[in-house]
Amino acid sequence: MNDRSSADLISVTELHRQLNDLLKQLSPERLQVLTDFAAYLANAESEAATQELLAISGLLERVKQNQATPKTDYASWRNLRSDV
């Protein structure tokens with residue numbers, strides 16, 4: 001998400017402003033409908049990201065292996081990086 005240009009960020013900021021202005025005009029019933037729809041969109045985006053991660057060969061196995069690694073086997077990144 002850090003690859004957004006400043007023009008994209010301005011657009012996102014403007015979209016947030018417009019959405020906030022419109023939210024103030026909605027009845028509680030319509031606001032609930034919008035909340036449900038926003039939750040649906042967020043879930044769909046999350047599911048797409050999950051599927052993208054699951055498509056990476058061997059990723060799930062590596063995560064499980066790393067979770068099983070005892071904390072005593074960890075190394076500080078400061079000791080591993082020579083440029084800090």
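The values are calculated or read from the model by the stated rules, or taken from the named source; none is laboratory data. Computed from a predicted model, the values in this text were never measured in an experiment. Surface areas here come from the heavy atoms of the whole protein model, side chains and all, with no ligands, DNA or RNA. Shrake-Rupley method; radii C 1.70, N 1.55, O 1.52, S 1.80 Å.
Out of the range 69-84, which residues are open to solvent by less than 100 Å² (accessible area, probe 1.4 Å) and β-branched (Val, Ile, Thr)?
Once the filter is applied, which keeps residues that are open to solvent by less than 100 Å² (accessible area, probe 1.4 Å) and β-branched (Val, Ile, Thr), the range 69-84 yields only 69.
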*Read through the list (1) at pLDDT 95 or above; (2) open to solvent by 100 Å² or more (accessible area, probe 1.4 Å), then give the number of the only condition that residue 23 fails.*
(2)
*Search the range 55-68 for residues being open to solvent by less than 100 Å² (accessible area, probe 1.4 Å) and not β-branched (Val, Ile, Thr), and hand back the single one that is farthest from the chain's Cα centre (by Cα).*
68
